[in-house]
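First comes the structure, then the notes that go with it.
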Amino acid sequence: MAKTNISKKPVKDEAKILQADLDELEWYIDDFSTFLPLAVCTLNPLGIIVNVNKAFEVLTGYSVLDIVREPLSVVFLEKEAVGKMEEKAKQKGISKTELTAISKNGRKIVTTVSIAARKDKKGVFIGYFVAMTDITELKNLQMNLEGQVARKTKELQEKLADLEKFAKLVVGRELKMIELKNKIKEMEKADKI
Amino acid sequence: MIMFDISYLQEEADRLMKIPGVQKGAVLKSHLAAIKERGGTESLAKIEKALSDLGYPLKLQEIKSMREYPEGQTALVSLLCQKLLGYTDEDIFNQAFAASKLSFFGQLVMRTFLSFEQVIKNVSRYWRKHVSVGELECYEFNKKEKFAILRLKKYVFHPVVCLSLAGYFLGMFRYVQPNVKIKETRCAHKGAPFHEFKVTWQ
């Protein structure tokens with residue numbers, strides 16, 4: 001009879017190893033989820049939140065007990081856009097846009113939201129992963145810079161207008177002088193005659 | 001920490017822990033996490049100390065979701081919530097309802113279901129994944145009149161568990177059906193041959 005390379009470890013030992021692996025995996029997922037600075041949540045196929053990480057709780061102010069089993073739209077100002085994003089992710093695999101999150105205490109947070117559709121190994125759609133990045137500071141900085149640029153542009157435009165006025169004035173005077181010179185020349189000619 | 005004399009619970013604790021049957025740690029873990037969420041670390045510490053004093057030590061931090069623990073321990077935890085933390089029936093129900101949001105295993109299973117009907121019709125499979133004792137079945141599913149009857153057989157621990165189960169079941173159903181309600185209509189602790197839960201929705 002041909003020998004096989006299949007491990008002859010007793011089933012109980014295999015089960016113990018698998019159990020230890022699962023424990024390790026759970027610990028790893030918990031640890032990673034707590035450490036991850038990016039706010040992440042998982043949605044079921046109906047768009048209902050089934051899990052959030054620590055960063056999500058910190059960003060939105062909602063605890064797991066507050067937010068799990070709620071639709072994702074609860075978190076955002078643009079309710080309809082969330083549904084459209086989910087639909088797009090379902091069709092194209094991923095969707096990304098800028099949305100305003102409303103924290104539990106009503107604070108508006110400008111975020112970049114990415115939604116990715118999840119499929120099991122058979123290709124069956126099983127829900128979504130959602131990641132949120134707080135870009136409020138970046139937006140404020142951008143708006144600040146845009147404001148500064150607008151102010152400087154206005155100042156420059158005003159200076160340009162002054163220069164134009166001055167130029168017109170100078171050119172006008174020069175024209176007048178040329179005219180006067182010409183008149184003098186004509187008068188001198190007339191005197192000679 | 002205030003000390004409680006819990007020796008009067010020893011006999012009941014021993015009885016519960018001797019009942020055969022195991023559950024996945026995820027369920028137990030979510031119950032203890034819900035106690036912590038509700039009453040903070042002080043409430044959790046009281047329960048953990050009481051479990052240790054009764055000879056059945058268990059710490060939230062050490063529970064592994066996929067390992068097996070005695071099913072009686074959930075009943076014991078609920079009982080201690082009543083006796084030590086003053087939980088009312090409604091509190092027990094709400095604590096289990098909250099626990100279902102914190103369950104790693106629940107999240108793992110509930111992420112794939114697409115409809116309430118699918119969940120209800122799969123309760124037996126779902127129960128078996130969590131618990132080795134008792135048989136949960138969907139006895140009736142009436143889509144037209146919007147109700148379902150669940151029956152739990154061969155599962156007798158303590159009346160406090162009925163409230164806890166109802167809260168946990170409701171929590172699971174709410175993942176897919178927002179306006180669902182649940183009520184225990186027959187109880188194995190009150191002479192019925194099984195527990196029966198009526199689930200209604202809008």
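The values are calculated or read from the model by the stated rules, or taken from the named source; none is laboratory data. None of these values were measured; they are calculated from a predicted model. Note that each Cβ is placed from the backbone with ideal geometry, even for glycine, and that neighbours are counted across all protein chains shown. The protein model used for the area step is the full one, side chains on, heavy atoms only, and it has no ligands, DNA or RNA in it. Shrake-Rupley method; radii C 1.70, N 1.55, O 1.52, S 1.80 Å.
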Exercise. What number of residues within segment B:95-143 satisfy the criterion of being surrounded by 19 or more Cβ atoms within 10 Å (Cβ to Cβ), among the aliphatic types (A, V, I, L, M) and either under 15 Å from A:L43 (Cα atoms) or in contact with a helix residue (DSSP H, G or I) (Cβ under 7 Å, 6 or more places away or on another chain) (or both)?
Worked result: 8
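Does B:T88 satisfy the condition of being open to solvent by 20 Å² or more (accessible area, probe 1.4 Å), on the phi < 0 side of the Ramachandran plot, in contact (Cβ under 8 Å) with a residue 12 or more places away in the chain and of a type in the set (S, T, N, Q)?
Values: open to solvent by 20 Å² or more (accessible area, probe 1.4 Å): yes; on the phi < 0 side of the Ramachandran plot: yes; in contact (Cβ under 8 Å) with a residue 12 or more places away in the chain: no; of a type in the set (S, T, N, Q): yes.
No.
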Exercise. When A:D162 is evaluated against the numbered criteria (1) part of a helix (DSSP H, G or I); (2) assigned by TED's automatic domain parsing to the domain that holds A:F56, which criterion, by number, is the only one it fails?
Worked result: (2)
For this session: Considering each of A:K185, A:K119 in turn, give the residue that is of a type in the set (D, E, K, R) and in the same structural domain as A:E70 (by TED's automatic domain parsing).
Result: A:K119
Problem set entry | Hey, B:P178 free of Cβ contacts under 8 Å to residues at least 60 places away in the same chain, within 27 Å of A:G47 (Cα to Cα), open to solvent by 60 Å² or more (accessible area, probe 1.4 Å) and assigned to a loop (DSSP other than H, G, I, E, B) or not | yes
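Could you say which residue among A:A131, A:A55, A:A150 is part of a helix (DSSP H, G or I), away from every other protein chain (no Cβ under 14 Å) and crowded, with 17+ Cβ neighbours inside 10 Å?
On the way: A:A131 fails: part of a helix (DSSP H, G or I); A:A150 fails: crowded, with 17+ Cβ neighbours inside 10 Å.
Of the residues listed, the single one that is part of a helix (DSSP H, G or I), away from every other protein chain (no Cβ under 14 Å) and crowded, with 17+ Cβ neighbours inside 10 Å is A:A55.
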Seminar exercise, completed: Counting only strands (runs of 3 or more DSSP E) entirely within segment B:59-167, those with at least 3 residues that are in the same structural domain as B:Q177 (by TED's automatic domain parsing) are B:135-142, B:147-153
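Go through segment A:31-52 and report how many residues are open to solvent by 70 Å² or more (accessible area, probe 1.4 Å) and within 10 Å of another protein chain (Cβ to nearest Cβ). Give the steps one after another, and end with the answer.
Filtering segment A:31-52 down to residues open to solvent by 70 Å² or more (accessible area, probe 1.4 Å) leaves A:31-32, A:34-35, A:37, A:46.
If we keep only those that are within 10 Å of another protein chain (Cβ to nearest Cβ) as well, we get A:46.
Residues in segment A:31-52 being open to solvent by 70 Å² or more (accessible area, probe 1.4 Å) and within 10 Å of another protein chain (Cβ to nearest Cβ): 1 in total.
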For this session: For B:L114, state whether it is in contact with a Pro (Cβ under 7 Å, 6 or more places away or on another chain), of a type outside the set (S, T, N, Q) and under 17 Å from A:R69 (Cα atoms).
Result: yes
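Select from segment B:16-57 the residues that are without any contact (Cβ under 8 Å) to a residue 12 or more places away in the chain and not in a loop (DSSP other than H, G, I, E, B) and write down the one among them that is farthest from A:E57 (Cα to Cα).
Start the filter on segment B:16-57 by keeping residues that are without any contact (Cβ under 8 Å) to a residue 12 or more places away in the chain, which leaves B:40-41, B:52, B:57.
Next, only the ones that are not in a loop (DSSP other than H, G, I, E, B) stay: B:40-41, B:52.
Working: B:G40: 17, B:T41: 19, B:S52: 32 Å.
Only one residue fits best here, namely B:S52.
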Problem set entry | Single unsatisfied condition, A:E80 versus (1) more than 21 Å from the chain's Cα centre (by Cα); (2) farther than 16 Å from A:N105 by Cα; (3) open to solvent by 30 Å² or more (accessible area, probe 1.4 Å) | (1)
